[in-house]
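The values are calculated or read from the model by the stated rules, or taken from the named source; none is laboratory data. Model, not experiment: these values are computed from the prediction. Note that each Cβ is placed from the backbone with ideal geometry, even for glycine, and that neighbours are counted across all protein chains shown. These accessible areas exclude ligands, DNA and RNA; they are computed on the full protein's heavy atoms, side chains included. Shrake-Rupley method; radii C 1.70, N 1.55, O 1.52, S 1.80 Å.
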Amino acid sequence: MKKRMVFPVGALAMMLMSATASHAQSGPFASFAGSWSGTGMVSLSDGSNERIRCRATYNVGDGGTGLQQTLRCASDSYRFDLSSDVVARGSNVSGNWSETSRNVNGTLEGKVSPGQIDVFVQAAGFAANLTVRTSGNRQTVSISSQGEIKNVSITLTRG
């Protein structure tokens with residue numbers, strides 16, 4: 001059960017990192033185009049922790065307000081492949097994601113401000129609050145949930 005719960009959190013975390021806005025003149029996602037990689041930690045309700053490694057590619061469109069992402073993440077016990085479509089409209093962010101190997105999909109919705117995004121994410125049987133902060137070429141994500149997954153913390157860098 002833990003392995004089934006961990007992959008949506010990591011996948012959603014990475015997808016939402018891509019939705020963090022830098023509010024460049026060419027659109028909130030303009031600075032995210034390219035390849036990113038990083039690591040993080042997943043904390044489960046039983047007190048155990050596991051490292052996660054991720055690589056992402058972001059394609060920006062619609063004048064910097066649209067984002068398509070592909071993401072591959074792995075730990076010692078699982079891996080997943082995620083794709084997502086995210087749109088910014090003013091200070092609102094929304095989108096859809098899917099994890100192809102497990103046939104899981106969900107939605108996200110929230111607010112974006114300079115350097116930060118606060119979002120509620122959900123899928124069947126899963127919900128979490130996420131905060132994403134961006135500073136230069138570094139992004140951090142914090143996820144909290146009341147379920148099997150208690151916390152996720154991930155850092156990505158460009159390149």
Go through the stretch 102-137 and count every residue that is open to solvent by less than 40 Å² (accessible area, probe 1.4 Å), modelled with pLDDT of 80 or more and within 15 Å of G38 (Cα to Cα).
0
Has the stretch 138-148 got at least one residue that is buried (at least 16 other Cβ atoms within 10 Å of the Cβ), in a strand (DSSP E or B), within 12 Å of the chain's Cα centre (by Cα) and of a type in the set (S, T, N, Q)?
yes
So G61 clears everything in (1) of a type outside the set (S, T, N, Q); (2) over 16 Å from the mean Cα position of the chain (by Cα); (3) at pLDDT below 80 except one condition, right? Which one?
(3)
Kindly indicate whether any position in the stretch 65-76 is on the phi > 0 side of the Ramachandran plot and not hydroxyl-bearing (S, T, Y).
no
How many residues are assigned to a strand (DSSP E or B) and open to solvent by less than 80 Å² (accessible area, probe 1.4 Å) if we restrict to the stretch 45-69?
11
Does any residue in the stretch 122-133 that is assigned to a loop (DSSP other than H, G, I, E, B) come within less than 9 Å, Cβ to Cβ, of a residue that is surrounded by fewer than 18 Cβ atoms within 10 Å (Cβ to Cβ) six or more places away or on a different chain, and which pairs are these?
A124/N105; G125/M5; G125/G147
Say whether the condition of being modelled with pLDDT of 70 or more and of a type outside the set (A, V, I, L, M, F, W, C) is met by at least one residue in the stretch 18-27.
yes
